[in-house]
Amino acid sequence: MDATEGARPVDELTFREAMAELDGIVGVLESNTLELEDSLASYERGVALIASLQGRLAQAQQKVDVLMGEIVPESDDAARDTTLS
């Protein structure tokens, strides 16, 4: 039986659901109880979850960077103090 059979598409999972599923996959893989084929399917699902999570984190970081730029605008070279203290 495929361990990922009937699993929802990665893009439909919330971040928390994807993290929880990934944690479960890691636990099962570490337990060494799956057949080779099921281990490979679980590993493949884990890789897809990791890629999705990394992409979501990168998007969130980009949004934070944009918001921080709106709060604290970077000074230009003319306004920046370049003297040594």
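Rule-based calculations on the coordinates, nothing more; no lab input. Quantities reported herein were computed from a predicted structural model and do not represent experimental measurements. Here the Cβ is made from the backbone with ideal geometry for all residues, glycine too, and neighbour counts use every protein chain on show.
Go through (1) charged (D, E, K, R); (2) in contact (Cβ under 8 Å) with a residue 40 or more places away in the chain; (3) in contact with a Leu (Cβ under 7 Å, 6 or more places away or on another chain) for E21 and report which single condition fails.
Of (1) charged (D, E, K, R); (2) in contact (Cβ under 8 Å) with a residue 40 or more places away in the chain; (3) in contact with a Leu (Cβ under 7 Å, 6 or more places away or on another chain), only one is false for E21: (2).
Looking only at residues in region 10-29 that are of a type in the set (V, I, T) and part of a helix (DSSP H, G or I), which one is nearest to the chain's Cα centre (by Cα)? Steps first, please.
Residues of region 10-29 that are of a type in the set (V, I, T), as a first pass: 10, 14, 25-26, 28.
Then drop every residue that is not part of a helix (DSSP H, G or I), which leaves 10, 25-26, 28.
Working: V10: 11, I25: 15, V26: 15, V28: 20 Å.
In this case the residue turns out to be V10.
Looking at region 30-70, which of its residues are in a loop (DSSP other than H, G, I, E, B) and surrounded by 13 or more Cβ atoms within 10 Å (Cβ to Cβ)?
First pass over region 30-70, keeping only residues in a loop (DSSP other than H, G, I, E, B): 32-35.
Within region 30-70, L34 is the sole residue that qualifies.
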